[in-house]
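Remarks on the structure that follows.
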Amino acid sequence: AALQAGTMSWQHARVMADETLNLDHAGAAALEAHFLDPAAPNPARGPAGELTPGRFRAKARTWRERHHPDSIEKRHTKSALDRRLEYSPDRDGMAWLSAYLPADQAAGIHDRATTAARAMQGPTETRTLTQLRADTVAAWLLGGEADLIPSPKAQVLVTVPVFALMGLTE
């Protein structure tokens, strides 16, 4: 209704649809009322359509997290069962490969790929960081050894008290 009335963009409507996706009917209605109905109890300050879509997403997600009837642990356990890898052909001989993973795993993969890609940058490297990151992940997933793609190494620091080194304490 807000989209048809012109008070909300399609980007805002998309955010609303995304954030109400796994809510029950009452929860979805409460989230919509909070952001779209100025007469609702404790409405959002200012019309949602006046916020940038990114800022609106952050506010809607925060509201959703605070008001969701299930704990984040319960929702995460349920969502982890939906993990998947998707392939979608695209134009010009390209395709999208998407992995829906727990956030810690996805962040770890992205960080590791970024570290490896940055190690490959140099004055003679013509590829962008984004291209290097994609090439690195492709090489890892295809099981081959990619030229000059280092695997990030762990650094372990051990701290020993000086008195222990001197044998004065355990």
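Descriptive notes on the structure:
- Counted residues, the stretch 89-108 - those being in a helix (DSSP H, G or I) and either of a type in the set (Phe, Trp, Tyr) or out of contact with any strand residue (DSSP E or B) (no Cβ under 8 Å at 6 or more places or on another chain) (or both): 5
- When the stretch 142-170 is filtered for residues that are outside any loop (DSSP other than H, G, I, E, B) and modelled with pLDDT under 80, nothing remains.
- Filtered by the rule that a residue be farther than 16 Å from ALA28 by Cβ, assigned to a helix (DSSP H, G or I) and open to solvent by 100 Å² or more (accessible area, probe 1.4 Å), the stretch 60-88 gives GLU73, LYS74, LYS78.
- Test for ASP135: is it touching a helix residue (DSSP H, G or I) at 6+ places or on another chain (Cβ under 9 Å), at pLDDT 85 or above and of a type in the set (Asp, Glu): yes
- From the list ARG57, ARG45, the lone residue that is surrounded by 12 or more Cβ atoms within 10 Å (Cβ to Cβ) and of a type outside the set (Val, Ile, Thr) is ARG57.
- Output for the stretch 111-141, where each listed residue is open to solvent by 70 Å² or more (accessible area, probe 1.4 Å) and within 14 Å of LEU97 (Cβ to Cβ): TRP140, LEU141
The values are calculated or read from the model by the stated rules, or taken from the named source; none is laboratory data. These numbers come from a predicted model, not from an experiment. Glycine gets a Cβ as well: all are built from the backbone with ideal geometry, and neighbour counts include every protein chain shown. Side chains included, ligands, DNA and RNA excluded: accessible areas come from the protein's heavy atoms. Shrake-Rupley method; radii C 1.70, N 1.55, O 1.52, S 1.80 Å.
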